[in-house]
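Down below is the structure, laid out as structure tokens.
The values are calculated or read from the model by the stated rules, or taken from the named source; none is laboratory data. What you see is a predicted model; the values in this text were computed from it and never measured. Here Cβ is always computed from backbone atoms with ideal geometry, including for glycine, and neighbour counts include all displayed protein chains.
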Amino acid sequence: MTQQRSPETYDVVWPRAEKRRRHQPLAKRLDTLNGKTVAQLWDYLFYGDKVFATLEDELKKRFPDVRFVGWAEFGNTHSTNEHELLASLPRRFKELGVDAAISGMGC
């Protein structure tokens, strides 16, 4: 038997899907950026070139011994080869001695 509903009644559903993964603990945070190498990742949108230049300047004031690997080293993280590029990051980070990364994107 189907139930009749008045025009003012609506079905309500939860918009989120069932959880498939358990929460993972966060990676250990660096105590300092001094002596560390930071990668810059960018999707070539917005003004990342200017934002990363400002970030470098400001972070170097606080952490004079920080080193940066610029966004141009990695290429556009939102391009036709983005899956390959992102999959290669662990290897590239190891090759370049990267300790941390800043990933910037624009909308």
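Computed quantities for the displayed model
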item	result
Test for Thr77: is it polar (S, T, N, Q) and touching a helix residue (DSSP H, G or I) at 6+ places or on another chain (Cβ under 8 Å)	yes
Residue within segment 29-45 that is in contact with a Ser or Thr (Cβ under 9 Å, 6 or more places away or on another chain), exposed (fewer than 13 other Cβ atoms within 10 Å of the Cβ) and not polar (S, T, N, Q) present	no
Residue check for Phe52: at pLDDT 90 or above and out of contact with any Lys or Arg (no Cβ under 8 Å at 6 or more places or on another chain)	yes
Index of the failed condition, Ser103 passing every other in (1) at pLDDT 95 or above; (2) under 14 Å from the mean Cα position of the chain (by Cα)	(1)
Residue among Thr37, Thr32 that is out of contact with any Asp or Glu (no Cβ under 7 Å at 6 or more places or on another chain), at negative phi and either modelled with pLDDT of 90 or more or charged (D, E, K, R) (or both)	Thr32
Sole exception among (1) part of a helix (DSSP H, G or I); (2) among the hydroxyl-bearing types (Ser, Thr, Tyr); (3) within 23 Å of Glu95 (Cα to Cα) for Thr54, by number	(3)
Residue satisfying all of: in segment 58-74; under 14 Å from Ile102 (Cα atoms) and in a loop (DSSP other than H, G, I, E, B); modelled with the highest pLDDT among these	Val66
Residue, nearest to the chain's Cα centre (by Cα), within segment 76-91, restricted to residues that are buried (at least 16 other Cβ atoms within 10 Å of the Cβ) and under 13 Å from Ser103 (Cα atoms)	Thr77
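Residue-by-condition table, conditions (1) of a type in the set (Phe, Trp, Tyr); (2) closer than 30 Å to Glu82 by Cα:
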{"residue": "Ala17", "(1), (2)": "no, yes"}
{"residue": "Ala39", "(1), (2)": "no, yes"}
{"residue": "Tyr44", "(1), (2)": "yes, yes"}
{"residue": "Asp57", "(1), (2)": "no, yes"}
{"residue": "Lys60", "(1), (2)": "no, yes"}
{"residue": "Pro64", "(1), (2)": "no, no"}
